């Protein structure tokens, strides 16, 4: 069910840094209201325009798909963050809903410790799918990813984006040109069977993990209007393409990548690349778009499991 309109945000997952009783008054939950309401209309229009340009210019980049005739017995989401951030929990709700709607028998789990991960994999690793989201390198990294693959686990998104791998090389280059600015621009990209998708874009407060805002026409002027913004976003698109060429098994060509790219809009450069969905995708994007994108990404993940 790609267009599921029954799922709503679960406020209890947005309580990081909030000690009150009324969870709907927590700052993180209130912040999401801007992205779910009219404040985000301008950003939505920008995303549509940029997406059309990406689709036109990079239409050759898309993943193989497959008939989903076999399913993992369990799906394990690695969420190694210590703070209470909604990404993994809301992702699990969307996956559970899609599994339920299709009448499938597949359990889902969230883990934040390496020993918990490997304990779950003891019984049947070859019928398991592991998904990295906001992973701490001490729990999941390039070496761990290779261990899992050797065990027969299907890993999403795989070695290309795991800490200690290619994404670190990209960040080393980015840090050399990074500058400190008050606000940054963040964008989330996905490579799937439908091509390269710009999932979300928003302003991010420098040196803060959880303070985000929708785009405005005033901010767009920083980029010399739409063309300047597209030129910056294009750099993130090419990072995604570069990572896709480093997938551990290019014959399958099906592992769905999801990355976050943080830009310095003044210097016109990339500050950081995060090789998974990253917290802002849920906190700083329209809820229904997040549901639709996550469902499409999950379908691509299942297709990759069938290609494995």
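The residue of segment 58-85 that is surrounded by the most Cβ atoms within 10 Å (Cβ to Cβ), among those that are out of contact with any helix residue (DSSP H, G or I) (no Cβ under 9 Å at 6 or more places or on another chain) and at pLDDT below 85, is 83. For the structure I just gave you, tell me whether residue 62 is within 26 Å of residue 142 (Cβ to Cβ) and either outside any loop (DSSP other than H, G, I, E, B) or touching a strand residue (DSSP E or B) at 6+ places or on another chain (Cβ under 6 Å) (or both). It is true that residue 62 is within 26 Å of residue 142 (Cβ to Cβ) and either outside any loop (DSSP other than H, G, I, E, B) or touching a strand residue (DSSP E or B) at 6+ places or on another chain (Cβ under 6 Å) (or both). Taking the criterion of being outside any loop (DSSP other than H, G, I, E, B) and within 12 Å of the chain's Cα centre (by Cα), the residues of segment 249-290 that qualify are 257, 258, 259, 260, 261, 273, 274, 280, 281, 282, 283, 290.
Each residue in segment 185-240 was checked for being surrounded by fewer than 16 Cβ atoms within 10 Å (Cβ to Cβ), touching a strand residue (DSSP E or B) at 6+ places or on another chain (Cβ under 8 Å) and part of a helix (DSSP H, G or I), and 1 pass.
Pairs are defined by a Cβ separation below 7 Å, a sequence spacing of at least 6 or placement on different chains, a first member in segment 202-214 that is farther than 14 Å from residue 265 by Cβ, and a second member that is at pLDDT below 85 and surrounded by 14 or more Cβ atoms within 10 Å (Cβ to Cβ); the pairs so defined are 209/279.
Working carefully through the options 43, 6, 15, find the one that is surrounded by 12 or more Cβ atoms within 10 Å (Cβ to Cβ) and under 28 Å from residue 300 (Cα atoms). Just one listed residue meets the conditions, 43.
Out of all the residues in segment 89-104, is one or more on the phi > 0 side of the Ramachandran plot and either in contact with a helix residue (DSSP H, G or I) (Cβ under 8 Å, 6 or more places away or on another chain) or not in a helix (DSSP H, G or I) (or both)? The answer is yes; a qualifying residue exists.
The values are calculated or read from the model by the stated rules, or taken from the named source; none is laboratory data. The model shown is predicted, which means the values in this text are computed figures rather than measured ones. Because the Cβ atoms are built from the backbone with ideal geometry, glycine has one as well, and the counts that use them run over all protein chains shown.
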